[in-house]
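K.L.:
What follows is a single structure, and I will ask about it in a moment.
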Amino acid sequence: MVNSSSSSSPLPSQFDVLVVGGGAAGLYSALCLPNTLQVGLITKDTLSLSASDWAQGGIAAAIAPDDAPELHIADTLKAGVGLCDREAVEVLVRQAGECIQNLTQMGVAFDRTGSQLAMTLEAAHSRRRVLHAADTTGRAVVTTLAAQVLAQKNIQVFDQTLALDLWIHEGACCGIKLVYGQQLIWVQAKAVVLATGGGGQIYAQTTNPAASTGDGVAMAWRAGTTLRDLEFMQFHPTALTKEGAPRFLISEAVRGEGAHLVDSNGRRFAFDYHPDGELAPRDVVSRAIFNHLQKNPDESVVYLDLRVIDPERVQHRFPNIIRKCQKWASINVFETPIPVSPAAHYWMGGILTDLNSQTTIPGLYAVGENASTGVHGANRLASNSLLECLVFGAQLKTLIPQPLEHLPNQQSDSKVLASPVDIDTDTAWLHQHRVAISQLVWQSAGISRQANQMNMALEQLEQWQTEFDALTLTLTMHELKEQITYRLPAQLTLEILRLWTETRNLLTVAQLVLKSALFRTESRGGHYRSDYPQTEPHWQVHTLVKEQEVLRSHHIQPYP
Ligand SMILES: Cc1cc2nc3c(=O)[nH]c(=O)nc-3n(C[C@H](O)[C@H](O)[C@H](O)COP(=O)(O)OP(=O)(O)OC[C@H]3O[C@@H](n4cnc5c(N)ncnc54)[C@H](O)[C@@H]3O)c2cc1C
C-alpha cells in the first residue's frame, strides 16, 4: 500500500504540467516529464487505488532469447484485427525493453528463474513473454512508481482531488476545473495529461474498480477532442462469479499455466468454438462462454479447473487468486473449480493521440487506458496495456509546454456556492441511475449486440440525460463562472460531487459507446453484432467521434 501526500496542503493555482490520474500511466508520465518542470498529479482516490494496482498477469516484453520484437509486433497486429496503427505498435514493442530495465532499476521485483526474468505465456502470444511479480504485478509496479513520484522534488501529489472538466481557452487546454477540499478551483497548467484509466463501470459486470468511470474520455469529448473506436470493449472470459463476491479477475495466466475451462459436466467446451481452446483470443473465449451458456439456459457460470496444474506451481504463481477465492467465495482452488463468467475488462477505444501522446487539442495529452494510441486496434493483446502506460508515458520526456497565458487568477477572491435546493432527491436519483445505466449497457452493448436493443437503450439514455440535466445540482454546477473559486456548502461533500460527476460521465460515455457500436455494422475484435456477424473488409476503418458526429476514418491499408 502506498501513502500519498495529504490533500490538506494548499493546492497551487498553477503548474507547468498537471497530470490527472495516479495509475501506472499517470505515475510513469509524471516521472518521465523533464524534472525542470513543476508537475502536479491528482487522483480522485489515493495512489493505492487504481486498475493498475489490480493488474495481475503482467507486462509483455519481447526480451527473452527465443523471442524477437517482430514476433511481438505480429501477435499484437493479429489480435487487433486490422485496426492497429503499425507505427504505434512498433514504438510499443521496440521501447518495451528500455521501460522494463527502468522498472527493474527503480526496484520492481519481477519473478526470476535463477538470474533470468521469468516469463509466462498468455493467450494469443506466440512466446512466453509476460513478466510478472507473482499474481500482483500491478501492485509491485504501482508501489515502486508511487514511491519514486513521492520522492521527486518537482512533483506534488494531491489525492482525493476530483477533476470535473478541462479548462479550454482559445482552443487550447490551459488547466483543469477541479474539486479540492471543500473548494471548486480552476488550476492553470501549460500542459494537461489525462491518465484517468478505463470506463468499465458503464457495464454492470466488470472487473474494473469503481473509479473506472471514463472521466477522461468524457471530459475530453466535452472539450471537443476527437475520440476513436469507442465500441471496442474487451470482455474478460473469466471473472469470479459467485453471489455476494466482487467480479474478481481470474487472470489469463491461469489458463496460460494449463487450467481447463469446463462446463458443469466437466467438459472442455472451448475447443468447440476455436482450435486454440482456452488460449484463443479473449473475445473468442468470452463469446464461447456466452454462447455455451445461452445453449444451456439453466447454467449461469462455467468453471476454471486448476486441479490439472501442479499444486506447487499454483501456490507459487497465484497466491493472490488462492487467497481471494477463499476469502470471497470460500473456494479452495486445489479442490474445487472456480465458477466464472465474462465481464467488461479493457477499453481499447479512447482519446485519439499521436505517437507523442498529444491529443487533437493543443496542450492536452492522454496516456494509458483513456488514450487511443492505435496499439490495440479492435482487440488488445493480453498484458500490452501496462506496457502501453509506460511506453507512451515515456514519450512525454520531450514535452515542450506551451507558454502560459496570463489569465487573471481569482483564487483569493472566492464565492460561496449556493446550496442546491433539493440535494436529497438529486442524490437518490443519481444512486439509482448509476446502477440502471450499467445494467442497460450490459444488456444492450455487451458481448453480443444488435441494432434494436441498442436503439432502445439510446432512447432510454437520452431520457435519463434530460432528467439529469434538470437536477438542481446540475443546474447549480452549470451556473459556475470561469476562473472563480467557489467554497462549497457543507452538505455538498466530495462524495456527492463525485457521484454527480461520475454519473454525468457514465451517461456521456454510455451514449458514445452505443452510438459507435450502432455505427459499425460488422463484427470485429471486441465488437460483436449478432445482426452483422461477419468482419467486412470495407469496415477496416476507425470510428471517429467528435462532438455529435460519428464518422469513418480513411481506409486502413493491410499491414505489410
Ligand atoms: C483486474 C484487472 C487486471 C488487469 N491485469 C492486467 C495485466 O495483467 N496486464 C496488463 O497489461 N493490463 C492489465 N489490466 C489492464 C491495466 O491494468 C489497465 O489498462 C491499466 O492499469 C490502466 O492504467 P491507467 O494508469 O491508464 O489507469 P488506472 O490505473 O485505472 O488509473 C486511473 C487513475 O485516474 C484517477 N482518476 C480517474 N478519474 C479521475 C478524475 N475525474 N479526477 C481525478 N483522478 C481521476 C483514478 O483515481 C486513478 O488514480 C488489468 C485490469 C484490471 C481491471
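The values are calculated or read from the model by the stated rules, or taken from the named source; none is laboratory data. These numbers were taken from a predicted model, which means no experiment stands behind them. Cβ sites come from the backbone with ideal geometry, for glycine too, and all protein chains shown count toward neighbours. Please note that ligands, DNA and RNA were not included when accessible areas were found on the heavy atoms of the full protein model with its side chains. Shrake-Rupley method; radii C 1.70, N 1.55, O 1.52, S 1.80 Å.
K.L.:
Looking at (1) in contact with a strand residue (DSSP E or B) (Cβ under 7 Å, 6 or more places away or on another chain); (2) part of a loop (DSSP other than H, G, I, E, B); (3) not hydroxyl-bearing (S, T, Y), which one does H345 not meet, given that it meets all the others?
P.N.:
Every listed condition holds for H345 apart from (2).
K.L.:
Working only within segment 489-508, note down all residues that are open to solvent by 10 Å² or more (accessible area, probe 1.4 Å), within 14 Å of the ligand (Cβ to nearest atom) and either among the aliphatic types (A, V, I, L, M) or more than 25 Å from K415 (Cα to Cα) (or both).
P.N.:
Those that are open to solvent by 10 Å² or more (accessible area, probe 1.4 Å), within 14 Å of the ligand (Cβ to nearest atom) and either among the aliphatic types (A, V, I, L, M) or more than 25 Å from K415 (Cα to Cα) (or both): L494, L499, T508.
K.L.:
Say we look at segment 213-232 and pick out the residues that are polar (S, T, N, Q) and open to solvent by less than 10 Å² (accessible area, probe 1.4 Å); which of these is farthest from S50 (Cα to Cα)?
P.N.:
T225
K.L.:
For segment 16-62, what are the residues that are more than 6 Å from the ligand (Cβ to nearest atom), in contact with a Leu (Cβ under 6 Å, 6 or more places away or on another chain) and farther than 23 Å from I100 by Cβ?
P.N.:
D16, V17, V39, G40 - these are the residues of segment 16-62 that are more than 6 Å from the ligand (Cβ to nearest atom), in contact with a Leu (Cβ under 6 Å, 6 or more places away or on another chain) and farther than 23 Å from I100 by Cβ.
K.L.:
Now for a separate question. Within segment 348-384, which residues are without any contact (Cβ under 8 Å) to a residue 60 or more places away in the chain and touching a strand residue (DSSP E or B) at 6+ places or on another chain (Cβ under 9 Å)? Steps first, please.
P.N.:
Of the residues in segment 348-384, the ones without any contact (Cβ under 8 Å) to a residue 60 or more places away in the chain are 353-354, 356, 358.
Answer for segment 348-384, where residues must be without any contact (Cβ under 8 Å) to a residue 60 or more places away in the chain and touching a strand residue (DSSP E or B) at 6+ places or on another chain (Cβ under 9 Å): T353, N356, Q358.
K.L.:
So E278 clears everything in (1) buried (at least 24 other Cβ atoms within 10 Å of the Cβ); (2) within 16 Å of the ligand (Cβ to nearest atom) except one condition, right? Which one?
P.N.:
(2)
K.L.:
For segment 233-253, enumerate the residues that are farther than 23 Å from H292 by Cβ and open to solvent by less than 20 Å² (accessible area, probe 1.4 Å).
P.N.:
Result: no residue meets the conditions.
K.L.:
Can you name every residue in segment 381-404 that is hydroxyl-bearing (S, T, Y) and within 23 Å of the chain's Cα centre (by Cα)?
P.N.:
Correct list: S383, S385.
K.L.:
Tell me which helices (runs of 4 or more DSSP H) are completely within segment 76-191 and hold 1 or more residues being of a type in the set (G, A, S) and more than 21 Å from the chain's Cα centre (by Cα), or say none if there are none.
P.N.:
96-106, 137-151
K.L.:
Residue by residue through segment 204-243, note down the ones that are among the aromatic types (F, W, Y) and within 26 Å of Q326 (Cα to Cα).
P.N.:
Within segment 204-243, just F235 meets the criteria.
K.L.:
Within segment 362-396, count every residue that is in a helix (DSSP H, G or I), under 17 Å from T543 (Cβ atoms) and open to solvent by 10 Å² or more (accessible area, probe 1.4 Å). Don't jump to the end; show me each part of the working.
P.N.:
Within segment 362-396, the subset in a helix (DSSP H, G or I) is 368-370, 384-396.
Now drop any that are not under 17 Å from T543 (Cβ atoms), which leaves 370.
Then drop every residue that is not open to solvent by 10 Å² or more (accessible area, probe 1.4 Å), which leaves none.
Of the residues in segment 362-396, 0 are in a helix (DSSP H, G or I), under 17 Å from T543 (Cβ atoms) and open to solvent by 10 Å² or more (accessible area, probe 1.4 Å).
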